[in-house]
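*Asks:* Before we start, here is the structure in question, set down as structure tokens.
The values are calculated or read from the model by the stated rules, or taken from the named source; none is laboratory data. No experiment lies behind these values; they were computed from the predicted model shown. Note that each Cβ is placed from the backbone with ideal geometry, even for glycine, and that neighbours are counted across all protein chains shown. Calculation scope for accessible area: heavy atoms of the full protein, side chains included, ligands and nucleic acids excluded. Shrake-Rupley method; radii C 1.70, N 1.55, O 1.52, S 1.80 Å.
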Amino acid sequence: MKLEIISPSEIAYSGEVDSVTLPGVSGKFTVLKNHASLISVLKPGEVKFSNGGLETKVDIKGGLADIDMNKISVCVY
């Protein structure tokens, strides 16, 4: 899957991942390959993603996530 984490000032991450956990307003949720299409509002918290067993965390203040056809676009502020 392709993950992009984008803020108004930079691209915080762009690359392939195995899984992504996002802080949705209704609770945390994890996205795996072939996840159904989804748009979600994000609350302050951590975006966690892994690739090949290496886990990375990015703190966010909120934003939006768009999941479609194995591409996850996260717009944060």
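*Asks:* Taking Ala36, is it part of a loop (DSSP other than H, G, I, E, B) and out of contact with any helix residue (DSSP H, G or I) (no Cβ under 6 Å at 6 or more places or on another chain)?
*Replies:* Answer is yes for this residue.
*Asks:* Please identify the pairs in which a residue from the range 64-77 that is touching a residue at least 60 places away in the same chain (Cβ under 8 Å) and among the charged types (D, E, K, R) has its Cβ atom under 7 Å from the Cβ atom of a residue that is open to solvent by 30 Å² or more (accessible area, probe 1.4 Å) and part of a strand (DSSP E or B), counting only partners at least 6 apart or on another chain.
*Replies:* Every condition considered, the pairs that remain are Lys71/Lys2.
*Asks:* Could you tell me which residue of the range 20-35 is most open to solvent (accessible area, probe 1.4 Å), considering only residues that are under 16 Å from Asp59 (Cβ atoms) and not hydrophobic (A, V, I, L, M, F, W, C)?
*Replies:* Step one: of the range 20-35, the residues under 16 Å from Asp59 (Cβ atoms) are 20-24, 28.
Next cut, not hydrophobic (A, V, I, L, M, F, W, C) only: 21, 23-24, 28.
Working: Thr21: 35, Pro23: 5, Gly24: 2, Lys28: 152 Å².
Among those that are under 16 Å from Asp59 (Cβ atoms) and not hydrophobic (A, V, I, L, M, F, W, C), it is Lys28.
*Asks:* Answer yes or no as to whether Glu55 is closer than 10 Å to Leu3 by Cβ, over 11 Å from the mean Cα position of the chain (by Cα) and either of a type in the set (A, V, I, L, M, F, W, C) or surrounded by fewer than 16 Cβ atoms within 10 Å (Cβ to Cβ) (or both).
*Replies:* So Glu55 does not fit the description; no.
*Asks:* Quick one: would you say Glu4 is charged (D, E, K, R), at pLDDT 95 or above, open to solvent by 50 Å² or more (accessible area, probe 1.4 Å) and in contact with a Lys or Arg (Cβ under 8 Å, 6 or more places away or on another chain)?
*Replies:* Details: charged (D, E, K, R): yes; at pLDDT 95 or above: yes; open to solvent by 50 Å² or more (accessible area, probe 1.4 Å): no; in contact with a Lys or Arg (Cβ under 8 Å, 6 or more places away or on another chain): yes.
In short, no.
This table checks each residue for (1) surrounded by fewer than 12 Cβ atoms within 10 Å (Cβ to Cβ); (2) touching a residue at least 60 places away in the same chain (Cβ under 8 Å); (3) aromatic (Phe, Trp, Tyr).
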{"residue": "Glu10", "(1), (2), (3)": "yes, no, no"}
{"residue": "Asp18", "(1), (2), (3)": "no, no, no"}
{"residue": "Ser37", "(1), (2), (3)": "yes, no, no"}
{"residue": "Phe49", "(1), (2), (3)": "no, no, yes"}
